[in-house]
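Read the structure below first, then the notes.
The values are calculated or read from the model by the stated rules, or taken from the named source; none is laboratory data. All figures in this text were calculated on a predicted structure; none of them were measured in a lab. Positions of Cβ are generated from backbone atoms using ideal geometry, with glycine treated the same way; all protein chains shown enter the neighbour counts. Quick note on the areas: whole protein, heavy atoms, side chains included, nothing else; ligands and nucleic acids left out. Shrake-Rupley method; radii C 1.70, N 1.55, O 1.52, S 1.80 Å.
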Amino acid sequence: MESTVVAREKPRAAGGAKQHPSGDNRFKMLEATMKRHQYQADALIEVLHTAQELFGYLEEDLLIYVAHSLKVPPSRVFGVATFYHFFSLKPKGLHTCVVCMGTACYVKGAANVVTAIETMAGVRSGETTGDGKLSLLTARCLGACGIAPAVVLDGAVTGRQTPDTVTQLVKGWLE
Amino acid sequence: MELSDLQDIARKERESQKPIRVRCCTAAGCLSSQGQAVKSALDEAVAANGLEDRVQVIGVGCMGLCSEGPLVQVDPAGTLYERVEPRQCASIVAALDGGDADANVGDTTRPFFTRQVAVVLENSGRIDPERIESYIAADGYHALHTVLHDMTPAQVVETIIAAGLRGRGGAGYPTGLKWATVAKTEADRKFVVVNADEGDPGAFMDRSVLESDPHRILEGMAIAAYAVGASQGYVYVRGEYPLAISRLQTAIRQARRMGLLGTQVFESPFNFRVDIRIGAGAFVCGEETALIRSIEGHRGVPRPRPPYPAASGLFGCPTLINNVETYANIAPILRKGAEWFASIGTEKSKGTKVFALAGKITNTGLIEVPMGTPLRTIVEEMGGGVPDGGTVKAVQTGGPSGGCIPQSALDTPVDYESLAQVGSIMGSGGMIVMDEQDNMVEVARFFMEFCMDESCGKCVPCRAGTVQIHRLLTKIRDRRATDEDLATLRTLCEMVKQTSLCGLGQSAPNPVLSTLRYFPEDYRALIGAPSEPSANGAAPRTA
Ligand SMILES: Cc1cc2nc3c(=O)[nH]c(=O)nc-3n(C[C@H](O)[C@H](O)[C@H](O)COP(=O)(O)O)c2cc1C
Ligand code: SF4
Ligand code: FES
Ligand code: FES
């Protein structure tokens, strides 16, 4: 099961980010974050947060770039990026659906919601559909347990979902 | 900024208050059911009726009864509207001067509200979390002023010790003692850290406090920093809480601008700077030594203690780490006195505790009750029991580190010792109600899967043990297990508990052990020859 971050995501540019630092405005913004932290190694996680917000996911080149800038070994950057669930080294789909699988949501039937989407979209939890349209993810409690089961649809937290209501909504994305 | 300035701000804020206030919840729970649209609709309706000089609509934090959100409450009448829809707002505004609105009116005399004692949540749902003036008008930052001008650091520590406050992050270590240890340690640099990682699934107390009353945490931190001799603080918040992060950022900016953070706070020699660090989704980072590693920009892997963070923490410096709710208790203690605080609660567990009630329960949301309140009062009276006439089978407290308390033990008072006696823990305050539909083997397996996934992998008992326990539980669930497997399960649980390096591994077996203790029939029904299950009347169940 993969946990994920939900609301800090911004739309990402099409395709990967292969451009050279000088040609891509996003690198400037990343640079600004690193500068704000005076290129200190202990800001690594903050910098990776920003990088993922800007680029959508943490591509290998990006991690190496960060390693060079903060003067830390790439092994440490990779180690950190893979340790935390929040960071994704693979691109996500056009749309994301995150089903909370925390205890409160679980006892209110979140597992059935996941199964329903898996069946309907032909995708397994933690993965993205072949056409890149939908990523189905699970989270460990969004802190919205009062309205369990909670599902995050493209960044918007929604509550009291059922297999039917969610598949209805997700279906629209796949057409 | 001096005391008179603070008082001026408070006075102006109170004077600018309009005769009728419409409070609208803008915390996460309600926002995810159209809360923002409700607030906008209320604003529009007030404007459309030309009521701006008599009526004000205020976005406030969580009002507690999240399951009935979005909530709107009107002052001074006190009328509470539940599950408000934007289209009902015009009628709510029309009814401000009397008459009925076309919206559900909630009963504020039910035990859910009347049995609460608000200390930590005293401002929650009342003040606007995005305006520092609103907090100051509720006596905010007054305690900090008193501390800086009228008390020595040692006196502050004494007060916290006398209050008997214990850590709200789970283990219940006496807060005053921890402060005293950090204060005693000689060092040029010290830190205070807020643990706002709140990794327990099913818990949302810390989130709610940060979203509803962020300045309370900053004030608590500043007082702590003065008491222990620190000049820098970090709030480590989980990334899953974007609204809490943004409100905290706003609060820091406002406090800095007013000179309540930064250099020479309240014109005193005390300097204090606060930064936010955003977690990246690893449960183990709630463990204090792992959290420190994470703030330093590393993988959040725990290390053996001692040395405790109080002696050697962040960047090797003495570090005070407390939970959000622990800090939230600080300003009220200094404002109202240690004696007042110590008069609430039980002999060994002072004060109140905030619980997040969720699961199969009628009223889901946040409640704050004095320590020692019986579980039954919380679950049946305040929570309204299981919806649709179902019966409570178990109450799970303490998340993956805790246990399931059976219906027969519902008279247990909630305090640190009593909960430990029934094989669970207070934990951070998540309380999940389960009913007859829930199979306890399935529940134990659910928590073990969590611990298995979240194990950092540093030590073998936890890394391999959780996998094996999970495998055994799966085997039981699938009716492939024997009595021998059950015996192995017990041995393995004891082993993992005793030999793991950090609290994650040490407590991972708790849900299994507590369900084995109280719900053996759920296990037995799945084990042994198919002819046996009905022998003790327990029907085999699978979730
Ligand atoms: C695996 C694990 C996870 C933890 N998660 C949290 C957490 O999310 N929040 C928290 O305040 N304490 C958490 N703790 C407890 C902290 O290590 C620490 O004891 C606490 O923050 C101290 O604050 P307190 O004395 O105010 O309770 C966790 C401990 C363990 C072992
Ligand atoms: S007990 Fe588990 S989480 Fe803790 S250090 Fe060992 S492997 Fe890591
Ligand atoms: S368990 Fe799903 S939001 Fe908390
Ligand atoms: S979030 Fe609105 S009442 Fe709790």
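For the condition touching a strand residue (DSSP E or B) at 6+ places or on another chain (Cβ under 9 Å), away from ligand 4 (no atom under 16 Å from the Cβ) and more than 11 Å from chain A (Cβ to nearest Cβ), what is the one hit in B:440, B:434? First the steps, then the outcome.
Numbers: B:434 fails: more than 11 Å from chain A (Cβ to nearest Cβ).
B:440 is the lone residue from the list that is touching a strand residue (DSSP E or B) at 6+ places or on another chain (Cβ under 9 Å), away from ligand 4 (no atom under 16 Å from the Cβ) and more than 11 Å from chain A (Cβ to nearest Cβ).
Among the strands (runs of 3 or more DSSP E) lying completely within the stretch B:1-112, list those that include at least 2 residues that are modelled with pLDDT of 95 or more and loosely packed, with under 14 Cβ neighbours inside 10 Å. Explain how you work it out, then say what you get.
Values: elements: B:20-25, B:55-60, B:72-75, B:80-82, B:104-106.
By residue number, B:104-106.
When you check residue A:128 against the structure, is it under 23 Å from residue B:241 (Cα atoms), away from ligand 3 (no atom under 16 Å from the Cβ) and free of Cβ contacts under 8 Å to residues at least 60 places away in the same chain, yes or no? Don't jump to the end; show me each part of the working.
Numbers: under 23 Å from residue B:241 (Cα atoms): no; away from ligand 3 (no atom under 16 Å from the Cβ): yes; free of Cβ contacts under 8 Å to residues at least 60 places away in the same chain: yes.
In short, no.
Which of (1) more than 14 Å from chain A (Cβ to nearest Cβ); (2) within 16 Å of ligand 4 (Cβ to nearest atom) is the odd one out, the single condition residue B:163 does not satisfy?
Tallying (1) more than 14 Å from chain A (Cβ to nearest Cβ); (2) within 16 Å of ligand 4 (Cβ to nearest atom), residue B:163 fails exactly one: (2).
Condition test on residue B:163, is it open to solvent by 40 Å² or more (accessible area, probe 1.4 Å) and of a type in the set (A, V, I, L, M)? Give the steps one after another, and end with the answer.
Values: open to solvent by 40 Å² or more (accessible area, probe 1.4 Å): no; of a type in the set (A, V, I, L, M): yes.
In short, no.
Please tell me if residue B:138 is over 19 Å from residue B:324 (Cα atoms) and either modelled with pLDDT under 95 or hydrophobic (A, V, I, L, M, F, W, C) (or both). Steps first, please.
Working: over 19 Å from residue B:324 (Cα atoms): yes; either modelled with pLDDT under 95 or hydrophobic (A, V, I, L, M, F, W, C) (or both): yes.
When the stated conditions are applied, residue B:138 passes them.
Can you pull out every residue in the stretch A:99-108 that is open to solvent by less than 20 Å² (accessible area, probe 1.4 Å) and within 11 Å of chain B (Cβ to nearest Cβ)?
We begin by selecting, within the stretch A:99-108, every residue open to solvent by less than 20 Å² (accessible area, probe 1.4 Å); these are A:99-100, A:102-105, A:107.
Residues satisfying the conditions are A:100, A:102, A:103, A:104, A:105, A:107.
Residues A:165, A:128, A:115, A:96: which one is within 16 Å of residue A:56 (Cα to Cα) and open to solvent by 50 Å² or more (accessible area, probe 1.4 Å)? If you could, list the steps in order and put the result at the bottom.
Numbers: A:165 fails: within 16 Å of residue A:56 (Cα to Cα); A:115 fails: within 16 Å of residue A:56 (Cα to Cα); A:96 fails: open to solvent by 50 Å² or more (accessible area, probe 1.4 Å).
Among A:165, A:128, A:115, A:96, only A:128 is within 16 Å of residue A:56 (Cα to Cα) and open to solvent by 50 Å² or more (accessible area, probe 1.4 Å).
Taking into account only those residues within the stretch B:485-528 that are assigned to a helix (DSSP H, G or I), within 16 Å of ligand 2 (Cβ to nearest atom) and in contact (Cβ under 8 Å) with a residue 60 or more places away in the chain, which is nearest to residue B:455 (Cα to Cα)?
Residues of the stretch B:485-528 assigned to a helix (DSSP H, G or I): B:485-499, B:503-507, B:510-518, B:520-524.
Then drop every residue that is not within 16 Å of ligand 2 (Cβ to nearest atom), which leaves B:492-499, B:503-507, B:510-512.
Those still in the list that are in contact (Cβ under 8 Å) with a residue 60 or more places away in the chain too: B:503-504, B:507, B:510-512.
Working: B:503: 11, B:504: 7, B:507: 12, B:510: 15, B:511: 16, B:512: 17 Å.
The extreme case among them is B:504.
Could you check, for the stretch B:241-254, whether at least one of its residues is at pLDDT below 95 and open to solvent by 10 Å² or more (accessible area, probe 1.4 Å)?
Yes, the stretch B:241-254 has at least one match.
Provide a single number: the residues in the stretch B:215-237 that are touching a residue at least 60 places away in the same chain (Cβ under 8 Å), over 13 Å from the mean Cα position of the chain (by Cα) and closer than 30 Å to residue B:357 by Cα.
7
Limited to the stretch B:357-372, what total is found for residues that are part of a loop (DSSP other than H, G, I, E, B) and either away from every other protein chain (no Cβ under 14 Å) or within 16 Å of ligand 4 (Cβ to nearest atom) (or both)? Walk me through how you get there before you give the answer.
Going through the stretch B:357-372, the residues part of a loop (DSSP other than H, G, I, E, B) turn out to be B:360-364, B:371-372.
Now drop any that are not either away from every other protein chain (no Cβ under 14 Å) or within 16 Å of ligand 4 (Cβ to nearest atom) (or both), which leaves B:361-364, B:371-372.
The total comes to 6.
Filter the stretch A:68-93 down to residues that are within 10 Å of chain B (Cβ to nearest Cβ) and within 16 Å of the chain's Cα centre (by Cα) and give me whichever is surrounded by the fewest Cβ atoms within 10 Å (Cβ to Cβ).
A:82
Filtering the stretch B:419-438 down to residues that are in contact (Cβ under 8 Å) with a residue 24 or more places away in the chain and not in a loop (DSSP other than H, G, I, E, B), which residue is farthest from the chain's Cα centre (by Cα)?
B:435
Taking the conditions exactly as written (in contact with a Cys (Cβ under 8 Å, 6 or more places away or on another chain), at the interface with chain B (Cβ under 10 Å from one of its Cβ atoms) and within 30 Å of residue B:69 (Cβ to Cβ)), does residue A:158 satisfy them or not?
Values: in contact with a Cys (Cβ under 8 Å, 6 or more places away or on another chain): no; at the interface with chain B (Cβ under 10 Å from one of its Cβ atoms): yes; within 30 Å of residue B:69 (Cβ to Cβ): yes.
The answer is no for residue A:158.
Could you list all residues from the stretch B:167-219 that are within 12 Å of chain A (Cβ to nearest Cβ) and part of a helix (DSSP H, G or I)? Before the answer, list the steps.
Let us first name the residues in the stretch B:167-219 that are within 12 Å of chain A (Cβ to nearest Cβ), namely B:196-211.
The answer is B:205, B:206, B:207, B:208, B:209, B:210, B:211.
In the stretch A:134-150, which residue that is closer than 19 Å to residue A:88 by Cα and without any contact (Cβ under 8 Å) to a residue 60 or more places away in the chain is farthest from ligand 1 (Cβ to nearest atom)? Show your work before the answer.
The first filter runs over the stretch A:134-150 and keeps only residues closer than 19 Å to residue A:88 by Cα, leaving A:134-142.
Narrowing further to those that are without any contact (Cβ under 8 Å) to a residue 60 or more places away in the chain: A:134-136, A:141.
Details: A:134: 31, A:135: 27, A:136: 26, A:141: 11 Å.
Top of the filtered list is A:134.
Looking at the stretch B:270-279, can you tell me whether even one residue there is within 16 Å of ligand 2 (Cβ to nearest atom) and open to solvent by less than 30 Å² (accessible area, probe 1.4 Å)?
Of the stretch B:270-279, the ones within 16 Å of ligand 2 (Cβ to nearest atom) are B:279.
Checking the rest, the ones that are also open to solvent by less than 30 Å² (accessible area, probe 1.4 Å) come to B:279.
Scanning the stretch B:270-279 turns up at least one residue that is within 16 Å of ligand 2 (Cβ to nearest atom) and open to solvent by less than 30 Å² (accessible area, probe 1.4 Å).
Rundown of residues vs (1) within 12 Å of chain A (Cβ to nearest Cβ); (2) away from ligand 4 (no atom under 16 Å from the Cβ); (3) charged (D, E, K, R), yes/no style:
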site	(1), (2), (3)
B:392	no, yes, no
B:398	yes, yes, no
B:411	no, yes, yes
B:419	no, yes, no
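Would you be able to say whether some residue in the stretch A:134-146 is more than 9 Å from ligand 3 (Cβ to nearest atom) and open to solvent by 30 Å² or more (accessible area, probe 1.4 Å)? Explain how you work it out, then say what you get.
Quick first cut of the stretch A:134-146, residues more than 9 Å from ligand 3 (Cβ to nearest atom) only: A:134-138.
Within this subset, residues satisfying the condition of being open to solvent by 30 Å² or more (accessible area, probe 1.4 Å) are none.
Taking every residue of the stretch A:134-146 in turn, none turns out to be more than 9 Å from ligand 3 (Cβ to nearest atom) and open to solvent by 30 Å² or more (accessible area, probe 1.4 Å).
For the stretch B:459-475, does any single residue satisfy the condition of being part of a helix (DSSP H, G or I), within 16 Å of ligand 3 (Cβ to nearest atom) and within 14 Å of another protein chain (Cβ to nearest Cβ)? Before the answer, list the steps.
First, the residues of the stretch B:459-475 that are part of a helix (DSSP H, G or I): B:460-475.
Those still in the list that are within 16 Å of ligand 3 (Cβ to nearest atom) too: none.
No, the stretch B:459-475 has no match at all.
Examine the stretch B:205-228 for a residue that is surrounded by fewer than 24 Cβ atoms within 10 Å (Cβ to Cβ), acidic (Asp, Glu) and within 30 Å of residue B:3 (Cβ to Cβ), and state whether such a residue exists.
Looking for residues that are surrounded by fewer than 24 Cβ atoms within 10 Å (Cβ to Cβ), acidic (Asp, Glu) and within 30 Å of residue B:3 (Cβ to Cβ), one finds none in the stretch B:205-228, hence no.
Please list, ordered by residue number, the helices (runs of 4 or more DSSP H) wholly in the stretch B:269-356 having 2 or more residues that are out of contact with any His (no Cβ under 9 Å at 6 or more places or on another chain), away from chain A (no Cβ under 14 Å) and among the basic types (Lys, Arg).
Numbers: elements: B:288-295, B:324-328, B:330-336, B:338-342.
In the stretch B:269-356, there are no helices (runs of 4 or more DSSP H) which contain 2 or more residues that are out of contact with any His (no Cβ under 9 Å at 6 or more places or on another chain), away from chain A (no Cβ under 14 Å) and among the basic types (Lys, Arg).
Looking at the stretch B:169-187 only, could you name the residues that are of a type in the set (Ser, Thr, Tyr) and closer than 26 Å to residue B:283 by Cβ? Full working, then the answer.
Within the stretch B:169-187, the subset of a type in the set (Ser, Thr, Tyr) is B:173, B:175, B:181, B:185.
Across the stretch B:169-187, the qualifying residues are B:173, B:175.
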